[in-house]
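Engineer: First the structure, then my questions, so here it is.
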2 protein chains.
Amino acid sequence: MNSKRGNRVAVVGGGLVGCVHALFLAKRGFDVTVIERRGDPRRENLYAGKSINLALSHRGLTALSKLGLDKIALSIATPMRGRMMHDETGNLTYQPYGINNEAIYSIGRIELNRVLIDAAEPMPNIRFLFNRKVNYVNVYERLIAGYDEVKKEDFSDTYDYIFGSDGAYSVVRQALMKTDRFNFSQSYLDHGYKELRIPPADGGGHRIDPNALHIWPRGKYMLIALANIDGSFTCTLFMPFSGDPGFDRIKDAQQLESFFKANFPDALDLMPNLLEDYFENPTSSLITIRCQPWNYKNNVMLIGDASHAIVPFYGQGMNSGFEDCNEFDKLLKKYNGELSEEMFAEFSASRIPNTNAIAEMAVENYLEMRDGTANPMFLLRKRIEHKMASKYPDQWIPKYSLVTFSNASYSKAQAIGRKQARIMDKIMLHSKIEEIWDSPEIENEILELVSSS
Amino acid sequence: MNSKRGNRVAVVGGGLVGCVHALFLAKRGFDVTVIERRGDPRRENLYAGKSINLALSHRGLTALSKLGLDKIALSIATPMRGRMMHDETGNLTYQPYGINNEAIYSIGRIELNRVLIDAAEPMPNIRFLFNRKVNYVNVYERLIAGYDEVKKEDFSDTYDYIFGSDGAYSVVRQALMKTDRFNFSQSYLDHGYKELRIPPADGGGHRIDPNALHIWPRGKYMLIALANIDGSFTCTLFMPFSGDPGFDRIKDAQQLESFFKANFPDALDLMPNLLEDYFENPTSSLITIRCQPWNYKNNVMLIGDASHAIVPFYGQGMNSGFEDCNEFDKLLKKYNGELSEEMFAEFSASRIPNTNAIAEMAVENYLEMRDGTANPMFLLRKRIEHKMASKYPDQWIPKYSLVTFSNASYSKAQAIGRKQARIMDKIMLHSKIEEIWDSPEIENEILELVSSS
């Protein structure tokens with residue numbers, strides 16, 4: 001169909017998803033140019049105080065393992081096997097993530113990016129162009145133009161295929177927006193986030209348990225902390241932009257300290273640099289992006305945040321992007337390595353329902369994390385579900401496990417999760433559920449509800 | 001609050017909503033400049049073959065009457081008191097729109113635009129700048145820049161307040177999109193439309209009843225016709241872009257004729273210019289636009305299609321835009337004529353739920369028009385509703401009447417409509433509803449359901 005097309009592929013955006021996609025395409029023989037706005041993360045310190053720590057889990061690891069990169073990624077990651085909830089007085093409650101001791105892995109964005117670039121560099125058919133700011137993409141001519149910030153000159157080039165992995169504010173997507181009947185939405189939460197830090201203990205090592213994701217759930221807002229391998233924790237405060245509480249209410253050191261003293265006293269003790277971190281780091285917004293289709297013919301395809309940026313509360317942003325790359329590779333195999341128009345259309349159509357599903361689940365999980373995890377009835381509900389999952393692993397796989405510890409489609413995980421939620425809503429209506437939750441009657445009722453419909 | 005601000009207002013877009021808004025603002029003493037991309041519609045023929053005829057109804061007339069322009073508008077309009085459905089063999093079924101013989105009014109976009117500009121022209125504090133293409137808006141500086149196509153030179157100017165009434169593809173909205181946390185979506189139907197025409201009868205006058213909106217409902221597609229005062233009808237074919245049927249399947253005169261012969265034989269007889277119209281007029285797309293907020297502080301505000309373009313199936317695009325202007329004027333009165341930041345925020349927050357509601361109802365009404373109107377059970381359902389509305393006008397005001405013949409908020413109309421739909425779903429389940437629909441039992445059941453909850 002495109003017999004005159006060559007195999008020169010541009011990947012716009014050399015972040016995590018761009019690198020993984022470049023590696024997959026290079027392994028299938030394409031000549032891949034990765035065009036990245038920032039400098040080489042192996043030579044520059046690109047920390048910008050707004051990363052949100054990443055939680056690598058099964059879907060991401062599945063893609064990395066196909067590239068032979070799972071072990072090296074895990075070597076720079078910290079396993080987290082559950083949530084550790086901190087209440088207002090510092091009391092802890094622990095909740096395992098999995099039924100079988102599964103973990104999610106706290107990993108630094110920059111560190112993983114370095115690993116991926118290192119893996120790509122020896123390949124003769126991947127080339128990285130750093131410090132190139134893409135300003136313009138022509139989807140019809142497959143042309144990319146921009147500014148080379150090192151040479152201080154404009155650049156432009158055409159490619160046979162263009163992939164946009166350039167994030168939530170994608171320039172490639174802006175070009176697609178001008179094509180006919182491109183459906184698009186961007187929606188923001190009224191809540192923002194600010195990155196903070198718990199430094200390593202004086203003698204080295206972590207000040208709190210590194211093998212849990214720490215949550216200070218406070219109803220309308222929350223603080224979380226994920227361990228880094230250097231002994232520090234990256235913390236994130238999620239809160240409304242305005243109101244009470246709200247970022248706009250904390251204007252000076254005193255207001256900050258009294259807010260933390262009242263709400264996160266144990267965290268305050270662990271954060272000697274709170275004042276600087278809080279007032280120097282930006283307050284960032286939380287966006288959800290959807291579009292349809294992701295492609296223009298077989299000229300241009302969006303992947304990762306560029307086509308489906310999601311909020312971070314399910315830990316699936318990077319994982320869903322890596323799954324894009326893996327699914328694209330599987331489809332490419334089915335199409336005998338040909339990047340045809342049909343293949344592009346099928347990829348877009350098959351991924352969108354799944355990324356819509358995880359987008360919705362991610363927004364819902366914010367409420368669960370900030371509110372539910374502090375609620376005794378929520379904890380009981382989780383205990384019942386945990387019991388069912390342990391005792392009847394074939395009949396009850398929790399939604400969290402389907403999303404996090406399996407490669408089941410997000411749509412399927414969402415559908416099963418909805419059914420489970422309806423069942424548990426019903427079970428929790430029993431007036432003495434606190435007393436009878438562990439009874440055979442409740443167990444049988446759940447099993448019957450699971451097998452019906 | 002803005003004591004240094006003057007009263008120079010720019011209205012970007014001199015279409016119907018822009019003109020009505022300019023008139024309202026001028027009556028409150030603001031100095032208004034209307035900046036319009038096209039030429040003066042009183043001096044140029046701007047017909048572009050893609051207008052969709054407009055149905056002026058109560059909300060639009062309410063705004064026009066406040067400006068003293070309802071009578072002149074009605075003088076160039078044709079009342080339509082019901083739907084006239086045409087089946088495949090040309091048989092007609094008539095359904096009145098209102099309970100009390102109310103009408104909606106077919107009116108030409110250009111003709112109404114001319115009336116509005118004529119009304120504005122004598123006012124010393126409204127100025128029209130035609131043939132100015134706005135390319136850039138700076139919401140912080142309140143600056144508008146573009147190209148003057150008559151003088152062939154760039155222009156730029158700052159204003160105290162900027163209103164964007166520049167339609168679904170608004171340039172003003174593009175500027176708002178760059179502000180922080182601007183929520184936006186554009187979504188297209190898979191169906192498009194093409195404008196066609198029934199010319200006047202040979203001796204003048206209309207070839208079919210001008211006082212009805214004609215519909216040829218065919219399930220997945222439909223043709224409609226609205227009368228013009230010159231004796232012609234503007235017709236619109238709505239159909240999927242691709243598939244069977246689909247615009248992409250009609251490639252030549254023979255395919256076109258056999259499609260019309262099979263599906264719209266009576267319309268075909270009325271359209272001597274079908275071939276030219278069909279292949280010369282564009283196939284246009286049907287977009288829904290949503291955004292939130294509509295404003296940036298009290299610098300910039302969007303109104304009309306720029307903030308809430310909707311599909312045409314409820315005949316509320318222009319009417320909802322005129323209602324924007326009227327609601328803005330009412331709020332401005334409440335704020336003593338001050339265009340304050342609070343006033344802008346309140347307007348945006350109060351209008352959005354209502355324009356979201358009509359956007360949803362408009363999409364739903366496509367299904368009803370193209371499918372429901374050809375369905376005997378749908379017609380029976382409407383007959384029952386009509387009976388209830390006639391007999392119990394306080395208990396049962398149909399959703400269509402609330403939307404079209406009242407100024408009740410769209411949100412309220414939608415909520416009442418949903419309740420009525422639930423009631424009628426239940427009523428239509430009676431196995432012998434065709435026989436018992438007119439019985440006192442059914443009547444009482446409906447009245448009970450209305451008064452409950």
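Engineer: Using alpha carbon centroids, what distance separates segment B:212-273 and segment B:415-453, in Å?
Structural biologist: 36
Engineer: Next question, about the same structure. What number, in percent, do you get for the relative contact order of chain A if the mean sequence gap of Cα pairs under 8 Å and at least 6 apart is divided by its residue count?
Structural biologist: Working: 837 pairs, mean separation 82.9, N = 453.
Across chain A, relative contact order equals 18 percent.
Engineer: What list of whole percents do you get for P(r) of chain A, with Cα-Cα distances grouped in 10 Å bins up to the one holding the largest distance?
Structural biologist: 4, 20, 28, 25, 16, 6, 1, 0
Engineer: Whole-Hz Karplus ³J(HN,Hα) for segment A:200-213, in order, using 6.51 cos²θ - 1.76 cosθ + 1.60 and θ = phi - 60°, x for Gly and Pro?
Structural biologist: The phi angles translate into x, 5, 4, x, x, x, 8, 6, 9, 3, x, 8, 9, 8 Hz.
Engineer: What is the angle, in °, between the Cα long axis of helix A:341-370 and the longest principal axis of the Cα atoms in chain A? Nearest 10 is fine, range 0 to 90.
Structural biologist: With both axes taken from Cα atoms, the answer is about 30 degrees.
Engineer: Another question, then. Please report the net charge: other residues with Cβ closer than 15 Å to the Cβ of A:Asp202, K and R +1, D and E -1.
Structural biologist: Values: positive: A:Arg207; negative: A:Asp230, A:Asp269.
So the surrounding residues net to -1.
Engineer: What residues does segment A:162-211 have that are buried by at least 50 Å² of accessible area in the full protein assembly compared to the chain on its own, 1.4 angstrom probe?
Structural biologist: Residues meeting the cut-off: A:Arg181, A:Asn183, A:Phe184, A:Gln186, A:Tyr188.
Engineer: Would you mind listing the distances between the B:Tyr140 label point and the same position in each other copy? Use 7 Å along Cα-to-C-beta, nm, one decimal, shortest first.
Structural biologist: Output for B:Tyr140: 3.5 nm, nearest copy listed first.
Engineer: What is the calculated FRET efficiency for B:Glu441 to B:Ser406, with r their C-beta to C-beta distance and R₀ = 41 Å, to the nearest 0.05?
Structural biologist: Numbers: r = 30 Å, r/R0 = 0.74.
That pair, B:Glu441 with B:Ser406, gives E of 0.85.
Engineer: How many angstrom lie between the C-alpha centres of segment B:332-390 and segment B:21-41?
Structural biologist: Taking the Cα centre of each part, segment B:332-390 and segment B:21-41 sit 27 Å apart.
Engineer: Under unit Cβ charges (Lys, Arg +1; Asp, Glu -1), what dipole magnitude, rounded to 20 debye, does chain B have relative to its Cα centre? If you can, show how the numbers build up before the last one.
Structural biologist: Working: 53 positive and 57 negative charges, 219 e Å.
That gives a dipole near 1060 debye.
Engineer: Sorting check: for B:100-113, A:65-78, B:215-228, which peptide has the highest mean count of neighbouring beta carbons within 10 Å, and how do the rest follow? Before the final figure, lay out each step's value.
Structural biologist: Working: B:100-113: 19.4, A:65-78: 16.7, B:215-228: 21.9.
Ranking the peptides B:100-113, A:65-78, B:215-228 by packing returns B:215-228, B:100-113, A:65-78.
Engineer: For segment B:137-161 and segment A:123-200, what is the centre-to-centre distance using only Cα atoms, to the nearest Å?
Structural biologist: Here the two parts' Cα centres lie 29 Å apart.
Engineer: Let me ask you something else. May I ask you to report, in nm to one decimal and beginning with the shortest, the distances from B:Pro124 to the same position in the other copies, taking label points 7 Å along Cα-to-Cβ?
Structural biologist: B:Pro124 label point versus its equivalents elsewhere: 8.2 nm.
Engineer: Can you say what percent of the DSSP beta bridges in the protein assembly as shown, counting only those with both residues inside, are antiparallel? Round to 5. Could you put the intermediate results ahead of the total?
Structural biologist: Numbers: 105 of 143 bridges.
Of the beta bridges lying entirely in the protein assembly as shown, close to 75 percent run antiparallel.
Engineer: Here is a follow-up. Could you quickly flag the chain A residue whose beta carbon comes closest to the rotation axis taking A to B, and that distance in whole angstrom?
Structural biologist: A:Ser185, 2
Engineer: Would you tally the net charge around B:Met428, using a Cβ to Cβ cut-off of less than 12 Å, leaving B:Met428 out, and scoring K and R as +1, D and E as -1? Show your work: numbers first, answer last.
Structural biologist: Numbers: positive: B:Arg381, B:Lys382, B:Arg383, B:Arg422, B:Lys426, B:Lys432; negative: B:Glu385, B:Asp425, B:Glu434, B:Glu445.
Once all neighbours under 12 Å are counted, the net charge is +2.
Engineer: Percent relative contact order of segment B:375-451, based on C-alpha pairs within less than 8 angstrom and at least six residues apart? Please report the intermediate quantities before stating the final value.
Structural biologist: Working: 35 pairs, mean separation 23.8, N = 77.
After rounding, I find 31 percent.
Engineer: Same structure, new question: So, by mean Cβ neighbours within 10 angstrom, what's the order for A:349-355, A:151-157 with the highest one leading?
Structural biologist: Values: A:349-355: 17.9, A:151-157: 11.0.
The peptides rank, most packed first, as A:349-355, A:151-157.
Engineer: On to the next question. Give the nm distances, rounded to one decimal, from A:Met177 to the matching residue in every other copy, measuring between label points 7 Å along Cα toward the beta carbon; shortest first.
Structural biologist: Taking the point 7 Å beyond Cα along Cα→Cβ, the inter-copy spacings are 0.2 nm.
Engineer: Let me ask something additional. As a test of the formula, what do you get for chain A when each DSSP H run with n ≥ 4 contributes -39,500 (n - 2.57) and the sum is divided by the residue count, at 222 nm and rounded to the nearest 500 deg cm²/dmol? Working shown, then result.
Structural biologist: Details: 16 runs with 177 residues, N = 453.
The helix-only estimate for chain A comes to -12000 deg cm²/dmol at 222 nm.
Engineer: Mind checking which of A:Asn407, A:Tyr392, A:Ala421 is farthest towards the positive end of segment A:375-451's charge dipole, using Cβ charges of +1 (Lys, Arg) and -1 (Asp, Glu) about the Cα centre?
Structural biologist: Farthest along the dipole direction, towards plus: A:Asn407.
Engineer: Helix A:410-427 against the longest principal axis of chain A: what's the angle in degrees, Cα atoms only, rounded to the nearest 10?
Structural biologist: With both axes taken from Cα atoms, the answer is about 10 degrees.
Engineer: Net charge around A:Cys291, counting only other residues with Cβ within less than 13 Å of its Cβ (Lys, Arg = +1; Asp, Glu = -1)?
Structural biologist: Details: positive: A:Arg173, A:Lys178, A:Arg181, A:Arg290, A:Arg351; negative: A:Asp305.
Surrounding charge for A:Cys291 is +4.
The values are calculated or read from the model by the stated rules, or taken from the named source; none is laboratory data. Computed from a predicted model, the values in this text were never measured in an experiment. All Cβ positions, even for glycine, are placed from backbone atoms using ideal geometry, and neighbour counts span all protein chains on display. Surface accessibility is based on the protein's heavy atoms, side chains included, excluding ligands, DNA and RNA. Shrake-Rupley method; radii C 1.70, N 1.55, O 1.52, S 1.80 Å.
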